[in-house]
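Student: Sharing a structure with you now.
The values are calculated or read from the model by the stated rules, or taken from the named source; none is laboratory data. Small disclaimer: the values here were computed from a predicted structure and weren't measured. Cβ: placed from backbone, ideal geometry, glycine included. Neighbour counts: every protein chain shown.
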Amino acid sequence: MTPMLEMRGITKRFPGVLANDAIDLSVNAGTVHTLLGENGAGKSTLMKILFGLYQPDEGEILIDGEPANVSSPADAIARHIGMIHQHFMLVPTLTVAENVALGIKSARGFRTDLDSVSERVAAISDQYNLHVDPSIEIWKLAVGERQRVEIIKALYRDARLLVLDEPTAVLTPQEVEELFVILEQMKTDQKGLVFISHKLREVMAISDDITVLRNGKVTGHTTPARTDRQGLADMMVGREVLLAPNRPEVEVGTTRLKIRNLKVMSDRGTVAVNGVDLDVQSGEILGIAGVSGNGQRELAEAVVGLRAAEAGSSIMVNETEAVGSHTKAIRDAGLAYVPEERMKDGAIGDFTVSENIMLVDHADPRYVHRGLLRRTEIREQSQKLVDQFAVKTPSLETPTSSLSGGNIQKVILARELATEPTVLIAAQPTRGVDIGAAEYIHSRLIDQRGEGTAAVVISEDLDELLGLADRIAVMFEGRIMAIIDIADATREGLGLLMAGVDATADA
C-alpha cells in the first residue's frame, strides 16, 4: 500500500542548530502516527515543513507516492493537509460558521455565504459526532468544543491528512476520551493522522505507529504492541527515566498554610476565586487540579501577595496574615513561589544565571556589605546551587534567556528552595519542560515534602498530580469542587470534577 505521506531525508538547519537531521516519516491512510520527543527534538520544525511554513534544506515530501513541493500553508491546504494547532486559531467574537468561512472564497462574491457554510458544518458535525452549533459564538464554547471547531475547519477544507499538535493539553480526561472517539472515526474514513504529544499514556492508547525524535534525529520507530511507557520515555531521553517519583511515607505536621473564604477578582473584573477554604500541613503536597482558567492562577497570586483578595478573605502563612501584607512580609514568613510563567514572572531573561539566582537574597547581609555586593560570596553561592540543581549552563554569566526551559525552571527552583521555605507554591512546575528535567523537578518537590515543607502544586497534568500529591483539590469556576485523598483519587473521578460534575451529588 502506498503511504499517504512520506517525508524522506528531511534536513533543516538554522544558524548554529541542526533542527532536523535526515528524518524519514511515513503515514498510512486510516492510521494514527505519533511523533514523540522532548522539547527541541525537532517535531515542530518537521511539521512546519510539512505545512509549508518552512522549506527543507534537503529531502523530499511525497503525497500518495507523488513528489510534492509544499511552499506555503495554502499549498498544504490545497493538497488536503490540515493542522490543528495547540493554541487555537479562532476569533472569539465570531460564530463557528464565521470562523470556518474565514479565508474561503464565497460563492456570493464579496458576501459570505453563511447559510451553505452552516449546512456543511452541521453535516460534518453529525458525521463525526462533533456536536457543535454553527450559529454559536466561539467565546461561549468550552475548551473541548473550541478544539472541535478547529477540527471542523480542517475537515471543511477537505483535509485528508491532519496534524494534531498537543491536542489534549487543555482537555479533561473525559474530553480526551471524546476526542479519541472522533479520531477513531477519522481512521475509519481513511484519514491519515499525525499526533504530537508528550503524554505517554495517551500515546500508547491512540497510536498505530510511533516515531521518536531526539536532538533532531530519529531514535526509533515502534508500535504500542512492541513497547510500553517506560520504553518510550527511555527512547526519548536516551537513558532510563523514573516516570513516577518515589513518594515515601512522611509524618504530617502542623498546618502551615490556612486559607479561609478566599475571594479574588480576575483581570476582567469577574470573580476568579470564590469562597475557597484550604489547609496545607507540614510534610504534605496538596495538588490543585483543574482545566486552565478556573481560578488557579489567581489563587496562587493571592497567596503570594501579587493579587489583592476581597474583604473577608484570610490567608495565614504560618502566623502571618497574607491578605493586605507586602510580598516581602509573606516571603519572610516562610513562603517560596515558583510561578506559572517562568519568563514573565519567575526570571529576568537579560539577567545572568547568577543574577537570577540572587534576586531574592540580594539584600541579605551575606551577599551585600554597606551597599556593595560581595561578589565572591555571590559567585560561590550561585555555583553551589547550579551544581546542586544540575543546571546546564555554559557559565554563571550566561543570560538566562539562553537556557532551555527546563534549565530556567531549575534556576527558579534553586533560588526559591535555597530560602528553606516552610510553604511552597509551585504553579505548573514542569509545563513545557523535557521529561528528564521534569523527573528532576519532581524529585526535588518530594525532597521538600520530606523536609517538612507544606507544598501546593498547581498542575493541569493529572499524571503529575497523581504521582506527587497526598491530596488533590479540584477547582471549577473558582470553587473547590472536592478534596480527594490520593488513595481514593481516580482519573475518571477527577475528570468529572474538573468538568464541574459533583460525583457525590446523587449519593
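Student: Just for the stretch 330-368: of the residues that are at pLDDT 85 or above and in a strand (DSSP E or B), which one is surrounded by the most Cβ atoms within 10 Å (Cβ to Cβ)?
Tutor: Once the filter is applied, the top-ranked residue is LEU335.
Student: Mind checking which pairs have a first residue in the stretch 294-314 that is farther than 15 Å from ASN261 by Cα and a second that is assigned to a loop (DSSP other than H, G, I, E, B) and among the polar types (S, T, N, Q), Cβ under 8 Å, 6 or more apart or different chains?
Tutor: Every condition considered, the pairs that remain are GLY305/SER325.
Student: Here are some residues: GLY371, GLY324. Which one is exposed (fewer than 15 other Cβ atoms within 10 Å of the Cβ), more than 27 Å from the chain's Cα centre (by Cα) and assigned by TED's automatic domain parsing to the domain that holds ARG431?
Tutor: Details: GLY371 fails: assigned by TED's automatic domain parsing to the domain that holds ARG431.
Going through GLY371, GLY324 in turn, just one is exposed (fewer than 15 other Cβ atoms within 10 Å of the Cβ), more than 27 Å from the chain's Cα centre (by Cα) and assigned by TED's automatic domain parsing to the domain that holds ARG431: GLY324.
Student: Do we have THR393 as assigned by TED's automatic domain parsing to the domain that holds THR255, outside any helix (DSSP H, G or I) and either of a type outside the set (A, V, I, L, M, F, W, C) or within 20 Å of MET343 (Cβ to Cβ) (or both) here? Step through it out loud before you land on a result.
Tutor: Numbers: assigned by TED's automatic domain parsing to the domain that holds THR255: no; outside any helix (DSSP H, G or I): yes; either of a type outside the set (A, V, I, L, M, F, W, C) or within 20 Å of MET343 (Cβ to Cβ) (or both): yes.
The answer is no for THR393.
Student: Of the conditions (1) buried (at least 16 other Cβ atoms within 10 Å of the Cβ); (2) touching a His at 6+ places or on another chain (Cβ under 7 Å), VAL170 satisfies every one except a single condition; which number is it?
Tutor: For VAL170, the exception is condition (2).
Student: Here are some conditions: (1) touching a helix residue (DSSP H, G or I) at 6+ places or on another chain (Cβ under 6 Å); (2) farther than 20 Å from GLU166 by Cβ. SER197 meets all but one. Which one does it not meet?
Tutor: Tallying (1) touching a helix residue (DSSP H, G or I) at 6+ places or on another chain (Cβ under 6 Å); (2) farther than 20 Å from GLU166 by Cβ, SER197 fails exactly one: (2).
Student: Here's a follow-up. Return a yes/no flag: does the stretch 380-400 have any residue that is in contact with an Asp or Glu (Cβ under 7 Å, 6 or more places away or on another chain) and under 21 Å from LYS328 (Cβ atoms). Full working, then the answer.
Tutor: Narrowing the stretch 380-400 to residues in contact with an Asp or Glu (Cβ under 7 Å, 6 or more places away or on another chain): 399.
Okay, now just the ones that are also under 21 Å from LYS328 (Cβ atoms), so none.
No, the stretch 380-400 has no match at all.
Student: Let me ask something else about it. Among the numbered criteria (1) within 27 Å of the chain's Cα centre (by Cα); (2) assigned to a loop (DSSP other than H, G, I, E, B), which single criterion is violated by VAL273?
Tutor: (2)
Student: Scan the stretch 336-357 and report the pairs whose first residue is under 13 Å from ALA427 (Cα atoms) and touching a residue at least 60 places away in the same chain (Cβ under 8 Å) and whose second residue is buried (at least 18 other Cβ atoms within 10 Å of the Cβ) and aromatic (Phe, Trp, Tyr), with Cβ atoms within less than 9 Å and a gap of 6+ or a chain change.
Tutor: GLY346/TYR337
Student: For the stretch 431-499, which strands (runs of 3 or more DSSP E) that fit wholly inside it have 3 or more residues that are more than 17 Å from VAL250 (Cβ to Cβ)? Explain how you work it out, then say what you get.
Tutor: Details: elements: 454-458, 471-476, 479-485.
Output list reads 471-476, 479-485.
Student: Considering only the stretch 65-94, how many residues are over 22 Å from the mean Cα position of the chain (by Cα), of a type outside the set (Gly, Ala, Ser) and surrounded by 14 or more Cβ atoms within 10 Å (Cβ to Cβ)?
Tutor: The qualifying residues number 8.
Student: Report the residue count in the stretch 141-159 for those that are buried (at least 21 other Cβ atoms within 10 Å of the Cβ) and under 13 Å from HIS80 (Cβ atoms).
Tutor: So the answer is 3.
Student: Could you check how many residues of the stretch 161-178 are modelled with pLDDT under 85 and of a type in the set (Asp, Glu)?
Tutor: Total satisfying the criteria: 2.
Student: Another one. Is it the case, given these coordinates, that ARG491 is among the basic types (Lys, Arg) and more than 18 Å from the chain's Cα centre (by Cα)?
Tutor: No, not satisfied.
Student: Okay, moving on. Of all residues in the stretch 229-265, which are of a type in the set (Asp, Glu) and either under 22 Å from the mean Cα position of the chain (by Cα) or part of a strand (DSSP E or B) (or both)?
Tutor: The answer is ASP234, and nothing else.
Student: Still on this structure, please answer the following. Quick check on this structure: which one of ILE210, ILE182 is under 23 Å from MET83 (Cα atoms), of a type in the set (A, V, I, L, M, F, W, C) and touching a strand residue (DSSP E or B) at 6+ places or on another chain (Cβ under 6 Å)?
Tutor: On the way: ILE182 fails: touching a strand residue (DSSP E or B) at 6+ places or on another chain (Cβ under 6 Å).
Among ILE210, ILE182, only ILE210 is under 23 Å from MET83 (Cα atoms), of a type in the set (A, V, I, L, M, F, W, C) and touching a strand residue (DSSP E or B) at 6+ places or on another chain (Cβ under 6 Å).
Student: Scan the strands (runs of 3 or more DSSP E) fully inside the stretch 4-82 and keep the ones with 2 or more residues being acidic (Asp, Glu).
Tutor: Values: elements: 5-14, 17-27, 31-37, 58-63.
Hits in the stretch 4-82: 17-27, 58-63.
Student: Something else about it: Here are some residues: LEU62, LEU102. Which one is touching a helix residue (DSSP H, G or I) at 6+ places or on another chain (Cβ under 9 Å) and either free of Cβ contacts under 8 Å to residues at least 12 places away in the same chain or surrounded by fewer than 22 Cβ atoms within 10 Å (Cβ to Cβ) (or both)? Full working, then the answer.
Tutor: Details: LEU62 fails: touching a helix residue (DSSP H, G or I) at 6+ places or on another chain (Cβ under 9 Å).
Checking each option against the conditions leaves just LEU102.
Student: Restricting attention to the stretch 480-502, and to residues there that are of a type in the set (D, E, K, R) and under 21 Å from LEU299 (Cβ atoms), which single residue is surrounded by the most Cβ atoms within 10 Å (Cβ to Cβ)?
Tutor: Applying the first criterion (of a type in the set (D, E, K, R)) to the stretch 480-502 yields 485, 488, 491-492, 502.
Checking which are under 21 Å from LEU299 (Cβ atoms) leaves us with 485, 502.
On the way: ASP485: 10, ASP502: 13.
Of everything passing the filter in the stretch 480-502, ASP502 is surrounded by the most Cβ atoms within 10 Å (Cβ to Cβ).
Student: Continuing with this model, one more query. If the requirement is being out of contact with any Leu (no Cβ under 8 Å at 6 or more places or on another chain) and surrounded by 14 or more Cβ atoms within 10 Å (Cβ to Cβ), which of these qualifies: GLU240, GLU202, GLU251? Steps first, answer last, please.
Tutor: Working: GLU240 fails: surrounded by 14 or more Cβ atoms within 10 Å (Cβ to Cβ); GLU251 fails: surrounded by 14 or more Cβ atoms within 10 Å (Cβ to Cβ).
Selected residue: GLU202, the only one of GLU240, GLU202, GLU251 that is out of contact with any Leu (no Cβ under 8 Å at 6 or more places or on another chain) and surrounded by 14 or more Cβ atoms within 10 Å (Cβ to Cβ).
Student: Could you give every pair whose Cβ atoms fall below 6 Å, whose first residue belongs to the stretch 493-505 and is over 12 Å from LEU465 (Cβ atoms) and in the same structural domain as ARG479 (by TED's automatic domain parsing), and whose second residue is surrounded by fewer than 15 Cβ atoms within 10 Å (Cβ to Cβ) and at pLDDT 90 or above, counting only separations of at least 6 or pairs across chains?
Tutor: none
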